[in-house]
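The values are calculated or read from the model by the stated rules, or taken from the named source; none is laboratory data. Source: prediction; values computed, not measured. Counting neighbours? That spans all protein chains shown, and the Cβs are built from the backbone with ideal geometry, glycine included.
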Amino acid sequence: MSSLARPLKLPRAAAPTRPRRRRVLVPWLVLGLAFAAALVPGIFTSYDPIAGSGAALQAPSLEHWFGTDATGRDVFARVVHGAANSLSAAVIAVAVGLSAGSVLGLLAGNAGGALDAIIMRGVDVLLAIPSLLLALSIIILLGFGPAQAAVAVGVTSIAAFARLMRSRVIEVRASEYVEAAYASGGRTLGVVFRHILPNSLTAVLALAALHLGTAILAISTLGFLGYGAPPPTPEWGLMIAEGRDYVATAWWLTTLPGLVVIAVVLAAGRLSSHLGRTR
């Protein structure tokens, strides 16, 4: 048989890539453990996070996984119980930024004209101020405390949510199905809440996941500076601040809580990246 009569061999299909769901298993697990610690800390530790439970400045061991601090308190217990304060404040901050920013972006993108210009100039002003400076200014006005810190961090994220929501609303408004909804006699509010808003929220929710990690970091920063929860409340940023005087002799007081913060922030960022690609 001649070579021309031989059947052509087609190249093998490339092996399917790993499903994206597997790639976010670890971030989901990290965030799940963090929120489980915030909701039911008793399943992770039996130690009191306020009262001393051992000798001072013990290194990590099987009895005290993260060691003890200068007053004999179990550091792991304080990290577990501190999840409730840090994560609840971060969730409040994201809720403030998401709700206020989405409303502003929806109004600006749907109304256009003068209202759009006024809202977006206000957003530009928020973006021009460094987020930490803006948060500190708001805390000075509202007073110190975890709730005030959460609101302050939430206000700093309003501009990002408003800009993204506005861009998505403008894009969705130009789509054919929205034009068809208006052409068939649909009212503005009905079209907005039935078509425009649901199709604009996916990207905003992905940004909310990213800002959850950013909010945790910002809340911890404010706690480290002394503007968050007062001592002896277990809070991640406050714990790192309390251990900075013992870095040379008790590294675990700052390193281990810091690693927990990093893990949760990275998990939230990885989850946000996944949501952004699958929208």
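The helices (runs of 4 or more DSSP H) located wholly in the stretch 139-203 that include 3 or more residues which are among the basic types (Lys, Arg) and over 30 Å from ASN85 (Cβ atoms) occupy 158-173.
Of these, THR255, THR214, which one is within 16 Å of VAL79 (Cβ to Cβ), among the β-branched types (Val, Ile, Thr), out of contact with any helix residue (DSSP H, G or I) (no Cβ under 7 Å at 6 or more places or on another chain) and part of a helix (DSSP H, G or I)? Spell out how you get there, then give the answer.
On the way: THR214 fails: within 16 Å of VAL79 (Cβ to Cβ).
Only one candidate qualifies: THR255.
Residues in the stretch 235-243: is at least one at pLDDT below 90, assigned to a loop (DSSP other than H, G, I, E, B) and not β-branched (Val, Ile, Thr)? No: zero hits. Give all pairs with beta carbons closer than 8 Å in which a residue from the stretch 55-67 that is under 13 Å from ALA77 (Cα atoms) and assigned to a loop (DSSP other than H, G, I, E, B) meets a residue that is at pLDDT below 90 and of a type in the set (Ser, Thr, Tyr); count only pairs at least 6 apart in sequence or on separate chains. If the second residue must be at pLDDT below 90 and of a type in the set (Ser, Thr, Tyr), the pairs left are HIS64/SER53. When the stretch 217-245 is filtered for residues that are closer than 17 Å to ALA77 by Cα and of a type outside the set (A, V, I, L, M, F, W, C), the ones remaining, listed by number, are PRO231, PRO232, THR233, PRO234, GLU235, GLY237, GLU242, GLY243.
Scanning for something under 22 Å from MET120 (Cβ atoms), surrounded by fewer than 17 Cβ atoms within 10 Å (Cβ to Cβ) and not β-branched (Val, Ile, Thr), does the stretch 244-256 turn up at least one residue? Within the stretch 244-256, none of the residues are under 22 Å from MET120 (Cβ atoms), surrounded by fewer than 17 Cβ atoms within 10 Å (Cβ to Cβ) and not β-branched (Val, Ile, Thr).
Can you name every residue in the stretch 41-54 that is without any contact (Cβ under 8 Å) to a residue 40 or more places away in the chain and in a helix (DSSP H, G or I)? It would help to see each step written out before you state the result.
Step one: list which residues in the stretch 41-54 are without any contact (Cβ under 8 Å) to a residue 40 or more places away in the chain, which gives 42-48, 51-54.
Passing the criteria: GLY42, ILE43.
The single condition among (1) of a type in the set (A, V, I, L, M); (2) over 18 Å from PHE161 (Cα atoms); (3) crowded, with 18+ Cβ neighbours inside 10 Å that LEU207 does not meet is (2). The lone criterion from (1) more than 26 Å from LEU271 (Cβ to Cβ); (2) crowded, with 18+ Cβ neighbours inside 10 Å left unmet by ALA117 is number (2).
State yes or no: is ALA114 modelled with pLDDT of 90 or more, of a type outside the set (D, E, K, R) and more than 29 Å from SER86 (Cα to Cα)? Before you say what the answer is, go through the steps one by one.
Values: modelled with pLDDT of 90 or more: yes; of a type outside the set (D, E, K, R): yes; more than 29 Å from SER86 (Cα to Cα): yes.
Yes; evaluated as a whole, the condition is true for this residue.
Close Cβ contacts (under 7 Å, 6 or more residues apart or on different chains) running from residues in the stretch 75-90 that are closer than 14 Å to VAL261 by Cβ and in contact (Cβ under 8 Å) with a residue 40 or more places away in the chain to residues that are of a type in the set (S, T, N, Q) and buried (at least 24 other Cβ atoms within 10 Å of the Cβ) comprise VAL75/THR68; SER86/SER220.
Restricting the search to the stretch 128-163, which residues are modelled with pLDDT under 90 and crowded, with 17+ Cβ neighbours inside 10 Å? Matches in the stretch 128-163: PRO146 only. Within the stretch 20-55, being touching an Asp or Glu at 6+ places or on another chain (Cβ under 8 Å) and either farther than 22 Å from ILE240 by Cβ or modelled with pLDDT under 90 (or both) holds for SER53, GLY54. One residue is enough: does the stretch 178-190 have a residue meeting the conditions closer than 30 Å to ALA147 by Cβ and of a type outside the set (Val, Ile, Thr)? No, the stretch 178-190 contains no residue that is closer than 30 Å to ALA147 by Cβ and of a type outside the set (Val, Ile, Thr).
Taking the conditions (1) at pLDDT 90 or above; (2) of a type in the set (Lys, Arg); (3) in a loop (DSSP other than H, G, I, E, B) in turn, ARG121 satisfies each one other than (3).
Say whether the condition of being over 20 Å from the mean Cα position of the chain (by Cα) and either without any contact (Cβ under 8 Å) to a residue 40 or more places away in the chain or loosely packed, with under 15 Cβ neighbours inside 10 Å (or both) is met by at least one residue in the stretch 27-34.
Applying the first criterion (over 20 Å from the mean Cα position of the chain (by Cα)) to the stretch 27-34 yields none.
For the stretch 27-34, residues over 20 Å from the mean Cα position of the chain (by Cα) and either without any contact (Cβ under 8 Å) to a residue 40 or more places away in the chain or loosely packed, with under 15 Cβ neighbours inside 10 Å (or both): absent.
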